[in-house]
Amino acid sequence: MMENVHLAPETDEDDLYSGFNDYNPAYDTEELENDTGFQQAVRTSHGRRPPVTAKIPSTAVSRPIATGYGSKTSLASSMGRPMTGTIQDGVARPMTAVRAAGFSKAALRGSAFDPLGQSRGPAPPLEAKNEDSPEEKIRQLEKKVNELVEESCIANSCGDLKLALEKAKDAGRKERVLVRQREQVTTPENINLDLTYSVLFNLASQYSANEMYAEALNTYQVIVKNKMFSNAGRLKVNMGNIYLKQRNYSKAIKFYRMALDQIPSVHKEMRIKIMQNIGITFIKTGQYSDAINSFEHIMSMAPNLKAGFNLILSCFAIGDREKMKKAFQKLIAVPLEIDEDDKYISPSDDPHTNLLIEAIKNDHLRQMERERKAMAEKYIMTAAKLIAPVIEASFAVGYNWCVEVVKASQYVELANDLEINKAITYLRQKDFNQAVDTLKMFEKKDSRVKSAAATNLSFLYYLENEFAQASSYADLAVNSDRYNPSALTNKGNTVFANGDYEKAAEFYKEALRNDSSCTEALYNIGLTYKKLNRLDEALDSFLKLHAILRNSAQVLCQIANVYELMEDPNQAIEWLMQLISVVPTDSQALSKLGELYDSEGDKSQAFQYYYESYRYFPSNIEVIEWLGAYYIDTQFCEKAIQYFERASLIQPTQVKWQLMVASCFRRSGNYQKALDTYKEIHRKFPENVECLRFLVRLCTDIGLKEVQEYATKLKRLEKMKEMREQRIKSGRDSSGGSRSKREGSAGSDASYVDPLGPQIERPKTAAKKRIDEDDFADEELGDDLLPE
C-alpha cells in the first residue's frame, strides 16, 4: 500500500518556490521522440514495450514506471485520474495523444511559415478527358444541336429564311442521332425532352415562315400528339394561324377553340388573344354576329383598342346603329395606361430633377407611350368617320354626336380634329359653303386649332382662284401660329400667284426653317427659283427633294426640265430615263425623250420613244405629226397614211391632215384613191384653193372631163382671194384692224404650197415648246391641306 506513496523530502519551510523542479519522469514529454517503444506504439496503435525500471533519487523504494499497455502498476495524476494505459477496475484505459493531431514541434524548427502549403509545389495536372467515351460524345452532340437551333433563330431574325430552315433541318437530323445514341447508352427516361421540343418547335416555325404550311402542320402535329410534352396544346394556336393564312377559316376556328380549351383560366392574356383571333376569323367568314359576341366578351373582360375597333367594324357591317354607338363609347373608355404630360414638366429649378426629366423625356418608354396614344387617336378618328354618316339621319348630326362623346372623354383634343374632318366631308360632297362655314367656327378657338382651320380655308379659296380671300386666311393662320409650315406655305402660294416670286421664296424659306421636312415648301421654292431663272438653286432644291421623295415623278420631271434649261441634254435624258422607270406609261415623258434624242440626231431612238408614246396615248397631235413625217422621210408613205387619218379624226376641221392623206396616196401611186380623197376634201371645204389645184392637176394627168369644172372654180377662188387681200390691206391702212381667219377653212391655207405634189414641213422636234408647267404631271403649287 505504501509503495505508491511518495514522501516529500524535508526542506526549508520558508522556501516558497521549492518543489517546482521536481517531476515524475513519466511526464517527461521532451524525450518521447527518442523513446523507440513509444514511437512504435504510436505507429502501430497497438504494441507494448518492455517495462523500464528506474531508480528515483532521494528515495529508497524502487517502483516500475508504467508507460505502456498492461502495466501492473500505475501512477495517479494530480487530479486523481489514472495514468494513460493503466488498468483500473479490470479495464485498460486507452492511450491518448500527447500533442495536437498533425502538429509536429520538430517541423516548426527551422521552417518558414506556410499556411497555404505553397512550398509543396504546383498541383498535379488534371486527368485527360476521354473524348472517346459515349457520354462525352453525347454531350458534344447535344451542344452542337443547341448551336444549330440558335443559328436558325438568328438567321430568321436577320431575314434569311432559307438559311434558317436549313439550320433547323440540320438540327432535327442531329437530334435524332442524339436520341438513338442516348437509347444505346442510357435508359429512355434520360432523353432530353426539352431539347427535342425546342428542335421540333423551331423546325415548325421555320416551315411556317417559308410558307411551307403542310410541313409546318405535320411538325406541329408531332409535338401536339406527344403526351410527354407538357403544355404542347397551346401550339394549336399556331396551327390555327396557319389555317387562317390558308383561308381555311373553319379549321382555324376549330383549332383556336381547341387551344382555348387547353389553356387554363389563369393565363388570361393568352385567352384574350385567342378570342380576338376567333373574332377576326368570324369577320373574314362574314359571321358578324359571332364576331360581335367574341369582341363584346373581350371588351367586358380586358378591353383593348383593337378589340374595340373591330367591334365597331362588325356592328357597322350589320348596320346596327345602337350597337355602333355603344361600341364607340366602349372604345372611348379604353384606358391608355400612360403617364400624363405634366410628369415631364419640371416643377422646380433643381438641376438634378431637370436632368432626370430630360433623360426620360424621350426615352424608349416615352416613345412607346406616344405610339400608343397615336394609335388610340387613329382608331377613334377612323371609327368616328366611319359611323358618323350612318348612326343618324344625316352625317352632320352623326358627327355632332361623335364630337360630344369625344369631348366627354380623355380624348377631348380630338373633338376639334373631328370638326375639321366634318368640313372635309362637306368638301367631298361638293358642299363648299358648308365646309367654309364649319371651318369659320374655329376662328375663336385656341391658336392651334384656329391656325389649322385658317390653313384649310386658305387652301379652299386658293382652289377657287379667290386669291384675296386665300391670302387673308393665310395671314390669319400665320398670325395664329407663326411656326406652322403649312400656313407659311399657303401664304407663299398666294404671293406666288400674284407674281411676287422673291417674297414667295421668303415664305417658303421660313416654312423650311420651321420644318425642314416640309416637302411642299421645298418643291414650291424650286418652282420659284425657276421663275427667277436661278437654275442652280432650283436644281439644288429639287435634288434635295429627290433625296426625300425617291420615286416622285413630279420631282424627276422638274430635275430633267432644269437640266434641259441649262442646255445639258445628256443629263436631261438620264433623269427622264429614271422617270419612265417610275411611270413607264407616261406618254409625255416618252415623247420628251423622243424630242431630246431627235435634237441629238439619233432618229432610231427618237422613233422608238415617239412610237411608245403614241401606243400609250394615240391622240397626241404632235407625236402623230412626227411619226407621219418620219415615215414620209423614209419613203414609207403607206405607213404614214394611218397616222394622218387619225389626226384628221382628232381635228376634223383641220384640212391639212386630209390633204396629207391624199398626198400619201398619190406618192404611193394610188391615183384613184388620191382623186377620191381630194374630191371628198373639196366637198367638205369647197373654198380650199390647194385642193382645187391638186384636183385640176390629177384630172389633167388622168384625162377626166371634170378638169374644166375644177379649173373654173379655181380661177374664181383665186380672184376672190385677191379681192379679199386688197380689202384687208386697205382696211388695215385705214383702221389698223386685223382680220381673223378660221383655221382650216377654204382659203385659209394659202401658205400651204405643194409644187411637186403634197409636201409637209417636217418639224425638227415633235413639240417645239420646252418642258413647261403644263408638261407631264401637274406642276401645281404644293398646297397644304391638313390630313384627314
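The values are calculated or read from the model by the stated rules, or taken from the named source; none is laboratory data. Because the structure is a prediction, the values reported are computed rather than measured. A quick note on method: Cβ atoms are made from the backbone with ideal geometry, for glycine too, and the neighbour counts reach across all protein chains shown. Quick note on the areas: whole protein, heavy atoms, side chains included, nothing else; ligands and nucleic acids left out. Shrake-Rupley method; radii C 1.70, N 1.55, O 1.52, S 1.80 Å.
Summary table below
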item	result
The stretch 462-471, residues that are out of contact with any Ser or Thr (no Cβ under 7 Å at 6 or more places or on another chain) and either β-branched (V, I, T) or part of a helix (DSSP H, G or I) (or both)	L463, A468, Q469
Among (1) free of Cβ contacts under 8 Å to residues at least 60 places away in the same chain; (2) within 30 Å of K491 (Cα to Cα) - the single one A408 does not satisfy	(2)
Selection from the stretch 634-645 of residues that are buried (at least 19 other Cβ atoms within 10 Å of the Cβ) and not hydrophobic (A, V, I, L, M, F, W, C)	Y643
Pairs where the first residue, in the stretch 461-485, is farther than 19 Å from C518 by Cβ and the second is assigned to a helix (DSSP H, G or I) and open to solvent by 30 Å² or more (accessible area, probe 1.4 Å), C-beta under 7 Å, 6+ apart	Y461/Q469; F467/A497
Residue satisfying condition, being surrounded by 20 or more Cβ atoms within 10 Å (Cβ to Cβ) and either touching a Lys or Arg at 6+ places or on another chain (Cβ under 7 Å) or under 27 Å from Y249 (Cα atoms) (or both), within set V222, V149, V199, V145	V145
Failed criterion for E413 (all others in (1) in contact with a Phe, Trp or Tyr (Cβ under 7 Å, 6 or more places away or on another chain); (2) at pLDDT below 80; (3) within 16 Å of E377 (Cα to Cα) hold)	(1)
Count of residues meeting criterion [under 23 Å from A307 (Cα atoms) and in contact with a Phe, Trp or Tyr (Cβ under 6 Å, 6 or more places away or on another chain)] in the stretch 217-237	2
Members of the stretch 537-551 found to be open to solvent by 10 Å² or more (accessible area, probe 1.4 Å), under 22 Å from K592 (Cα atoms) and in contact (Cβ under 8 Å) with a residue 24 or more places away in the chain, listed by number	L539, N551
Hey, E574 open to solvent by 40 Å² or more (accessible area, probe 1.4 Å), part of a loop (DSSP other than H, G, I, E, B) and under 30 Å from I624 (Cβ atoms) or not	no
Test: residue in the stretch 558-572 that is out of contact with any strand residue (DSSP E or B) (no Cβ under 6 Å at 6 or more places or on another chain), hydroxyl-bearing (S, T, Y) and touching a residue at least 60 places away in the same chain (Cβ under 8 Å)	no
Failed criterion for S648 (all others in (1) open to solvent by 50 Å² or more (accessible area, probe 1.4 Å); (2) under 22 Å from S663 (Cβ atoms) hold)	(1)
Filtered residue count, the stretch 161-196, keeping only those that are open to solvent by less than 60 Å² (accessible area, probe 1.4 Å) and either of a type in the set (S, T, N, Q) or not in a helix (DSSP H, G or I) (or both)	4
Lone unmet requirement of (1) under 24 Å from N433 (Cα atoms); (2) open to solvent by less than 20 Å² (accessible area, probe 1.4 Å) for S472	(2)
Those residues of the stretch 476-487 which are more than 24 Å from S541 (Cβ to Cβ), open to solvent by less than 60 Å² (accessible area, probe 1.4 Å) and assigned to a helix (DSSP H, G or I), in sequence order	L476, S480
Residue list for the stretch 584-633, restricted to those being open to solvent by less than 50 Å² (accessible area, probe 1.4 Å), under 16 Å from V661 (Cα atoms) and of a type outside the set (F, W, Y)	I621, I624, E625, L627, G628, A629, I632
Residue satisfying all of: in the stretch 488-512; under 13 Å from K531 (Cβ atoms) and of a type in the set (G, A, S); surrounded by the fewest Cβ atoms within 10 Å (Cβ to Cβ) among these	G499
Residue selected from the stretch 514-536 under the condition part of a helix (DSSP H, G or I), farther than 20 Å from V478 by Cα and without any contact (Cβ under 8 Å) to a residue 40 or more places away in the chain, by the criterion farthest from the chain's Cα centre (by Cα)	K531
Condition met for K673 (open to solvent by 50 Å² or more (accessible area, probe 1.4 Å) and closer than 29 Å to K719 by Cβ)	no
Members of the stretch 395-441 found to be among the aromatic types (F, W, Y), within 26 Å of L476 (Cα to Cα) and open to solvent by 30 Å² or more (accessible area, probe 1.4 Å), listed by number	F432
Residue among K325, K251, K273, K330 that is under 30 Å from K373 (Cβ atoms) and touching a Phe, Trp or Tyr at 6+ places or on another chain (Cβ under 9 Å)	K325
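Let's see how each residue does on (1) farther than 20 Å from N218 by Cβ; (2) basic (K, R):
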| site | (1), (2) |
| --- | --- |
| N146 | yes, no |
| D160 | yes, no |
| E175 | no, no |
| R182 | yes, yes |
